[in-house]
There are 2 protein chains.
Amino acid sequence: MAKRPAQPEFDRDCQDILTQCACEALRRTSRTVTSRYQENLRAVGITAAQLPILVAAHLMGPVPLSPLATQLGMDRTTLTRNLAGLQEADLVSVDPDVDRRVRLISITPTGRRALRRATGAWREAQSHVESAFGRERMRALIGELEALASVAAR
Amino acid sequence: MAKRPAQPEFDRDCQDILTQCACEALRRTSRTVTSRYQENLRAVGITAAQLPILVAAHLMGPVPLSPLATQLGMDRTTLTRNLAGLQEADLVSVDPDVDRRVRLISITPTGRRALRRATGAWREAQSHVESAFGRERMRALIGELEALASVAAR
DNA sequence: CCGCTTTACGTGTATATACACGCATCATGG
DNA sequence: CCATGATGCGTGTATATACACGTAAAGCGG
């Protein structure tokens, strides 16, 4: 029986999805790198997703949920869910605002102590990666990631 | 009362975690870019995480689960869970091997048809990003991501 | 052939992510 | 004031991710 006509376009797309797709490359690298950092954070008892939330809560003081989510580039509802765990562990507090629609996020004293230990663990992981990959090279890469995010943002 | 002694190291780390951390930059960009691609794939009925699995199953023929997970740079158990949905939708099949420990993954005819429609939707998203970000620039970025993943891999 | 190790995999559990939908509160024009 | 639209959030649901642990099968030395 005769073979189907070749569809070089389709085959090329399939290859490209594994080797040239920005989404897939990001997701894959994200998985791998997250594991590395998370390994260090495990001893501190916080996750790779919680660390930036804790930091932002520390730096932005009492801040409404939505601006915090925007700052972190994550969905508002994702932040709501992630905050539940941090609140449970008494690392952040969620308080009412004068505007009663708003919930103000802030870091707690316990959270600040955890953050101090976390930054140490984080710097270890960061240093390892910087050493192996190159400090300036990583700065450049992160700059490109920000640029790509800007392009992809709506 | 006297202010606590400044801890410039801690404050710098906090800033760095938001602006210089490879993990956070990757996770954030990954979220944003995934949304963009997923938006296009929605019409096809598959997710951004499912697409590379479908492609790899297509290209690697009947392949054991673990090598497939390695190829995709994801945890073996994550792939198991993700395959459940694809199997449910009859896009991939999971069959026994002569070695009865092994489960062989392959794409189904239905999966191949879905993949054809998906590649079209994917190329649209990919083209948009390439246009806005620069084709060669994106190639370079993806190369750097692969290099970083190699560094972070154990 | 048998016991031990190694390999390939699934499951329980926990967290992460985000869309669709709905609710309460605020602001504003009349 | 008050109706109406805009704003800020939570919840239901579905998927994604991976660690810890357990199980079955294969390999292997004796």
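Among B:Ala69, B:Ala2, which is the only one that is open to solvent by less than 70 Å² (accessible area, probe 1.4 Å) and either at pLDDT 95 or above or more than 8 Å from chain A (Cβ to nearest Cβ) (or both)?
Working: B:Ala2 fails: open to solvent by less than 70 Å² (accessible area, probe 1.4 Å).
The unique qualifying residue is B:Ala69.
Looking at segment B:99-119, which of its residues are within 12 Å of DNA strand C (Cβ to nearest atom) and open to solvent by 20 Å² or more (accessible area, probe 1.4 Å)? Walk me through it before giving the result.
First, pick out the residues of segment B:99-119 that are within 12 Å of DNA strand C (Cβ to nearest atom): B:99-105.
Selection gives B:Asp99, B:Arg100, B:Arg101, B:Val102, B:Arg103, B:Leu104.
Would you check if B:Ala89 is small (Gly, Ala, Ser) and within 15 Å of DNA strand D (Cβ to nearest atom)? If you could, list the steps in order and put the result at the bottom.
Details: small (Gly, Ala, Ser): yes; within 15 Å of DNA strand D (Cβ to nearest atom): yes.
When the stated conditions are applied, B:Ala89 passes them.
Entry remark, segment B:95-118: residues being within 15 Å of DNA strand D (Cβ to nearest atom), touching a helix residue (DSSP H, G or I) at 6+ places or on another chain (Cβ under 6 Å) and over 13 Å from B:Ala56 (Cα atoms) number 2 in total. Screening A:Gly61 on (1) within 12 Å of DNA strand C (Cβ to nearest atom); (2) assigned to a loop (DSSP other than H, G, I, E, B) shows it passes everything except condition (1).
Selection of segment B:73-93 for residues being crowded, with 16+ Cβ neighbours inside 10 Å and away from chain A (no Cβ under 14 Å) yields B:Leu83, B:Leu86, B:Leu91, B:Val92, B:Ser93. Could you list, in sequence order, the residues of segment B:127-153 that are buried (at least 18 other Cβ atoms within 10 Å of the Cβ), within 30 Å of A:Gln38 (Cα to Cα) and either touching a strand residue (DSSP E or B) at 6+ places or on another chain (Cβ under 7 Å) or not β-branched (Val, Ile, Thr) (or both)? Result: B:Met138, B:Leu141, B:Glu144, B:Leu145, B:Leu148, B:Ala149, B:Ala152.
Annotation note: of B:Arg12, B:Arg27, B:Arg31, the sole residue that is among the basic types (Lys, Arg), open to solvent by 10 Å² or more (accessible area, probe 1.4 Å) and in contact with an Asp or Glu (Cβ under 9 Å, 6 or more places away or on another chain) is B:Arg31.
The values are calculated or read from the model by the stated rules, or taken from the named source; none is laboratory data. All figures in this text were calculated on a predicted structure; none of them were measured in a lab. With ideal geometry, Cβ positions are generated from the backbone for all residues, glycine too; neighbour counts draw on all protein chains shown. Quick note on the areas: whole protein, heavy atoms, side chains included, nothing else; ligands and nucleic acids left out. Shrake-Rupley method; radii C 1.70, N 1.55, O 1.52, S 1.80 Å.
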